[in-house]
1. Could you run through region 36-50 and say how many residues are basic (Lys, Arg) and modelled with pLDDT under 95?
2. For residues that are free of Cβ contacts under 8 Å to residues at least 12 places away in the same chain and outside any helix (DSSP H, G or I), tally how many sit in region 98-123.
3. Suppose we filter region 22-41 for residues that are free of Cβ contacts under 8 Å to residues at least 40 places away in the same chain and under 17 Å from Val121 (Cβ atoms); how many remain?
4. Among the listed residues Thr78, Thr69, which satisfies the condition of being without any contact (Cβ under 8 Å) to a residue 60 or more places away in the chain, over 15 Å from Gly9 (Cβ atoms) and touching an Asp or Glu at 6+ places or on another chain (Cβ under 8 Å)?
5. State all residues of region 10-35 that are of a type in the set (Gly, Ala, Ser), within 17 Å of the chain's Cα centre (by Cα) and at pLDDT 95 or above; if no residue qualifies, say none.
6. Among the residues that make up region 89-97, is at least one of them in contact with a helix residue (DSSP H, G or I) (Cβ under 8 Å, 6 or more places away or on another chain) and either at pLDDT 95 or above or not in a loop (DSSP other than H, G, I, E, B) (or both)?
7. Can you report the number of residues in region 93-120 which are open to solvent by 10 Å² or more (accessible area, probe 1.4 Å) and under 18 Å from Gly42 (Cα atoms)?
8. Six or more apart or on different chains, Cβ under 8 Å: which pairs go from a residue in region 1-21 that's closer than 16 Å to Ser80 by Cβ to one that's open to solvent by 60 Å² or more (accessible area, probe 1.4 Å) and polar (S, T, N, Q)? Could you list them?
Amino acid sequence: QVRLVGSGGGLVQAGGSLRLSCVSSGLTSRSYAMAWFRQTPGKERELVSRISGSGGISGYSDSVKGRFTISRDNAKNTVSLQIDVLKHEDTADYYCAAVRSYQNILEGSADYWGQGTQVTVSS
């Protein structure tokens, strides 16, 4: 069966960095665009970044552009999110997702959702 497992979250001081990873199994990596979403209680789920199946196209929300970098290694069935210059507003649960359509990620839907990993930014 398909499974996505996110990891790498933790407690980090503002200005620090984290690298989140998502390892997939049960699917052909190149056939799926991947994305990272984040959610905080009381707020709507936010699309942070997305990357095409081949890794040739990527995008970021305005709030993270310049600080976050998405990448993937299909040979290792892994998509990563490098987070630099962490801010308090980055605190959230982060979820990776797989979707057949790179365009449809913008609608907030996905074919598969991964295990969330918590990022907490301290003072």
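1. The initial filter retains those residues of region 36-50 that are basic (Lys, Arg), namely 38, 43, 45, 50.
From the residues that got through so far, the ones that are modelled with pLDDT under 95 too are 43, 45.
Selection size over region 36-50: 2.
2. So in region 98-123, the residues free of Cβ contacts under 8 Å to residues at least 12 places away in the same chain come out as 103-104, 107, 109.
Now restrict to residues that are outside any helix (DSSP H, G or I): 109.
Residues in region 98-123 being free of Cβ contacts under 8 Å to residues at least 12 places away in the same chain and outside any helix (DSSP H, G or I): 1 in total.
3. Here is the first cut: in region 22-41, the residues free of Cβ contacts under 8 Å to residues at least 40 places away in the same chain are 26, 28, 41.
Of the ones still in play, those that are also under 17 Å from Val121 (Cβ atoms) are 41.
Here the count works out to 1.
4. Details: Thr78 fails: touching an Asp or Glu at 6+ places or on another chain (Cβ under 8 Å).
Testing whether each residue is without any contact (Cβ under 8 Å) to a residue 60 or more places away in the chain, over 15 Å from Gly9 (Cβ atoms) and touching an Asp or Glu at 6+ places or on another chain (Cβ under 8 Å) leaves just Thr69.
5. Gly10, Ser17, Ser21, Ser24, Ser25, Ala33, Ala35
6. Of region 89-97, the ones in contact with a helix residue (DSSP H, G or I) (Cβ under 8 Å, 6 or more places away or on another chain) are 97.
Pick out the ones that are also either at pLDDT 95 or above or not in a loop (DSSP other than H, G, I, E, B) (or both) and you get 97.
Checking region 89-97: at least one residue is in contact with a helix residue (DSSP H, G or I) (Cβ under 8 Å, 6 or more places away or on another chain) and either at pLDDT 95 or above or not in a loop (DSSP other than H, G, I, E, B) (or both).
7. Of the residues in that region, 7 qualify.
8. Listed by first residue and then by second, the contacts come to Leu4/Gln115; Val5/Gln115; Gly6/Gln115; Ser7/Gln115; Gly9/Gln118; Gly10/Gln118.
The values are calculated or read from the model by the stated rules, or taken from the named source; none is laboratory data. Not measured: the values here are computed from a predicted model. Counting neighbours? That spans all protein chains shown, and the Cβs are built from the backbone with ideal geometry, glycine included. We work out accessible area using only protein heavy atoms, side chains counted, and drop any ligands, DNA or RNA first. Shrake-Rupley method; radii C 1.70, N 1.55, O 1.52, S 1.80 Å.
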